Amino acid sequence: MSTLGSFIWSIADQLRGPYRPNQYGNVILPLTILRRLDCLLEPDRETVRELAAKYDNPNRLKVEVKKATGRTFYNTSNYSFGNLLKDADGLADNLNDYIDRFSPDVDVFEYFDFKKEIVALEKAELLREVVKSFGAIDLHPSRVSNSDMGDAFEYIIRKFNEAANETSGDHYTPRDAIKLLVDLLFAEEDAGLTEAGIVRTLYDPTAGTGGMLSLAQEHLLEQNPDARLSLFGQEYNPQSYAICKSDMLAKGNDPSNIAFGNTLTDDAFPNRQFDFCMSNPPYGVDWKQYAKAVKDEREQAGPFGRFAPGLPATSDGQMLFLLHLAHKMRDPQDGGGRVGIVMNGSPLFNGGAGSGPSEIRRYLLENDLVEAIVALPTNMFFNTGIATYIWILDNSKHPDRKGTVQLIDGTSAWTKMRKSLGSKNREISDDDRAKVVALYDEFKDADSEQSKVLSNEDFGYWTITVERPLLDDEGEPVTDRKGKPKADSKKRDTESVPFTYGLDPDDDRSLRSDEGASRSEVIQAYFDAEVAPHVPEAWIDHAKTKVGYEIPFTRHFYTYTPPRPLAEIDADLEKQVAKILDLLREVEGD
């Protein structure tokens, strides 16, 4: 639990009455950001004021401030938390002046509509006490690390969402899950990350409060303090965007790389690709409200557009983010890119052959982009206990991994938390994380109980349509004008034929693809062995054959548990019968 977050949230008690609990965040979040920036700016405040008096041009002022302080942003107001309370009558006006005099790139307070809250706080006679409370907290980075500040923000947001009875599919990603995602994302690159002067780009299209970006940056700097990771993100929730941007400002990152808006309808970085991409998109959230924009883009962009492979059902948009990220990986000829994305179980198998989700999986697997999928423990998130998976994509796989997908069962890699946080009562400890990463590193040599390496073709199948003849009243087949038997639609059936049908586990899969010469032979062999013996009059309508892909993750790790011996079950039944008879005798005796 974030002690700082809990303390800051306790200030919300002062708002009781005029504010409802679901409105606390409108005040607490912007004031926390303002105080954090206030503490950060304090040491150089006088220097900046002197520069502001000397340079009127904002661009020149920004350059001079950068030279003097090393920061790209500034505030030229004569006010700060140190003197705001000295003018009791002018507090609201002075606070507005303080906010207005941030450099243009600090636009975060607009997204909270904070000036409206200042008016409301003053009217409720709460402004002075709230400002006083925040002025008493030291949030300078030397006292509160970036990591602790991030924890505090996410604690406050979670409390805010609980108070608002938030039910959206947005799930704030816990730090332990992010750490595992970051370790897996950088796993193939760790050796390269230690090169001197290395520069890499990292992108999160669902940046939230920036937790993923921050942890990834910390990881890279641990590997190589001289490395530089340029962070890019986009976020459509105004409050989360404001927090993320403030966090980037506080850490000295370029704030212009954090954009506000909906990634699916308005990609803020349309012509950019990245070395690393990561995301925890919302699960089970429909995208009906912007389906037209997505479909229009797909039609206009053609076969090279980001949504070209297919569209998922409008009831769940997470696979749109999967496609978006696959599109954002740096080209292999420029060094390639990697993606880490957390999703629930449905993208593994939803949709039949030929459907949008199946076509998306087909695109990813036939282009050899899926490197590994890791099943996380349940009860990992604060507001849901559902099963989740990390997908790792790579468009320039290590030669040993080409043509394969590694499935890792990490569901047992967890440690019970001493105290639950919402639905979260499990965490991935450092040791748990090291075990999962070791399974990934060991690849084909990993424990087969927890890791499987399969070929891309293992996930492909054909759905064939099996027809049976339409019979007349005398039981004779009805034929068309060409003498071919007509099909009885009521007896129509479909069968799924795996690409690998008839192969042993160690047989070469490379020839078993939809384009392989063996397609018709494999389908016919399946039909002859599995269908014809039972319905010899049936035939395949090859025109209706469809290609499908699914990743039956749990099936690959299923372990058969034999039922209890019959004798043991009989013995239990006899005991229960004896108990019932005893009770009946007692009733009769009464």
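Name the residues in the range 268-304 that are over 30 Å from F186 (Cβ atoms) and part of a loop (DSSP other than H, G, I, E, B), would you?
D286, W287
For the range 466-485, which residues satisfy the criterion of being under 14 Å from W539 (Cβ atoms) and surrounded by 14 or more Cβ atoms within 10 Å (Cβ to Cβ)?
V466, E467, R468, P469, L470, P477, P485, listed by residue number.
Can you tell me which of (1) of a type in the set (K, R); (2) open to solvent by 20 Å² or more (accessible area, probe 1.4 Å); (3) within 20 Å of the chain's Cα centre (by Cα) is the one R362 doesn't meet?
(3)
Could you give me the residue pairs with C-beta distances under 6 Å whose first residue belongs to the range 8-33 and is open to solvent by less than 10 Å² (accessible area, probe 1.4 Å), whose second residue is among the acidic types (D, E) wherever it lies, and which are 6+ apart or on separate chains?
Between residues of the range 8-33 that are open to solvent by less than 10 Å² (accessible area, probe 1.4 Å) and residues that are among the acidic types (D, E), the close pairs are V27/E117.
Quickly run through the range 147-160 and pick out the residues that are modelled with pLDDT under 80 and open to solvent by 50 Å² or more (accessible area, probe 1.4 Å).
D151, K159
Please work out if D38 is more than 32 Å from the chain's Cα centre (by Cα), closer than 26 Å to P238 by Cα, part of a helix (DSSP H, G or I) and not small (G, A, S). It would help to see each step written out before you state the result.
Details: more than 32 Å from the chain's Cα centre (by Cα): yes; closer than 26 Å to P238 by Cα: yes; part of a helix (DSSP H, G or I): yes; not small (G, A, S): yes.
Here the answer is yes, as D38 does meet what is asked.
Test A207 against the stated conditions and say whether it is touching a residue at least 12 places away in the same chain (Cβ under 8 Å), in a strand (DSSP E or B) and open to solvent by less than 30 Å² (accessible area, probe 1.4 Å).
Details: touching a residue at least 12 places away in the same chain (Cβ under 8 Å): yes; in a strand (DSSP E or B): no; open to solvent by less than 30 Å² (accessible area, probe 1.4 Å): yes.
Answer is no for this residue.
So which pairs qualify, if the first residue must be in the range 338-365 and touching a residue at least 12 places away in the same chain (Cβ under 8 Å) and part of a loop (DSSP other than H, G, I, E, B), the second must be charged (D, E, K, R) and open to solvent by 10 Å² or more (accessible area, probe 1.4 Å), the Cβ gap must be under 7 Å, and the two must be at least 6 apart or on different chains?
Short answer, once both residue conditions are applied: A353/K546; G354/K546.
In the range 392-416, which residues are open to solvent by 30 Å² or more (accessible area, probe 1.4 Å) and either aliphatic (A, V, I, L, M) or in a strand (DSSP E or B) (or both)?
D409, T415, K416
Quick check on this structure: which one of K295, K251 is surrounded by fewer than 16 Cβ atoms within 10 Å (Cβ to Cβ) and more than 22 Å from G25 (Cα to Cα)?
K295
Here is a yes/no grid of residues against (1) part of a helix (DSSP H, G or I); (2) modelled with pLDDT under 90; (3) of a type in the set (F, W, Y):
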position	(1), (2), (3)
V63	yes, no, no
K67	yes, no, no
Y79	no, no, yes
G82	no, no, no
A92	yes, no, no
N96	yes, no, no
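Checking the structure you have, find out if any residue of the range 552-570 is at pLDDT 90 or above and within 21 Å of G354 (Cβ to Cβ).
Within the range 552-570 (the criterion being at pLDDT 90 or above and within 21 Å of G354 (Cβ to Cβ)), the answer is yes, since at least one residue qualifies.
Can you name the condition, by its number, that T463 falls short on among (1) within 30 Å of S520 (Cα to Cα); (2) surrounded by 18 or more Cβ atoms within 10 Å (Cβ to Cβ)?
(2)
Hey, E42 hits all of (1) in contact (Cβ under 8 Å) with a residue 60 or more places away in the chain; (2) crowded, with 21+ Cβ neighbours inside 10 Å but one; which does it fall short on?
E42 satisfies all of (1) in contact (Cβ under 8 Å) with a residue 60 or more places away in the chain; (2) crowded, with 21+ Cβ neighbours inside 10 Å except (2).
Among the numbered criteria (1) surrounded by 18 or more Cβ atoms within 10 Å (Cβ to Cβ); (2) without any contact (Cβ under 8 Å) to a residue 60 or more places away in the chain; (3) closer than 30 Å to V182 by Cβ, which one does D445 miss?
It is condition (1) that D445 fails.
Given the structure, is R509 open to solvent by less than 40 Å² (accessible area, probe 1.4 Å) and either under 26 Å from Y363 (Cβ atoms) or part of a helix (DSSP H, G or I) (or both)?
So R509 passes the test.
Does E530 meet the test of being on the phi < 0 side of the Ramachandran plot, of a type outside the set (G, A, S) and at pLDDT 90 or above?
Here the answer is yes, as E530 does meet what is asked.
Do we find a residue being farther than 30 Å from E427 by Cβ, crowded, with 23+ Cβ neighbours inside 10 Å and of a type outside the set (D, E) anywhere in the range 381-391?
Looking through the range 381-391, none of the residues is farther than 30 Å from E427 by Cβ, crowded, with 23+ Cβ neighbours inside 10 Å and of a type outside the set (D, E).
Just to verify a result, which residue in the range 99-113, among those that are free of Cβ contacts under 8 Å to residues at least 60 places away in the same chain and either part of a loop (DSSP other than H, G, I, E, B) or aromatic (F, W, Y) (or both), is nearest to V27 (Cα to Cα)?
Among them, the one singled out is R101.
Here is a list: I540, I569. Which entry is β-branched (V, I, T) and more than 45 Å from the chain's Cα centre (by Cα)?
That would be I569, the only listed residue that is β-branched (V, I, T) and more than 45 Å from the chain's Cα centre (by Cα).
The values are calculated or read from the model by the stated rules, or taken from the named source; none is laboratory data. The structure displayed is predicted, hence computed values, not measured ones. Using ideal geometry, Cβ is built from the backbone for each residue, glycine included, and neighbour counts are taken over all protein chains shown. The protein model used for the area step is the full one, side chains on, heavy atoms only, and it has no ligands, DNA or RNA in it. Shrake-Rupley method; radii C 1.70, N 1.55, O 1.52, S 1.80 Å.
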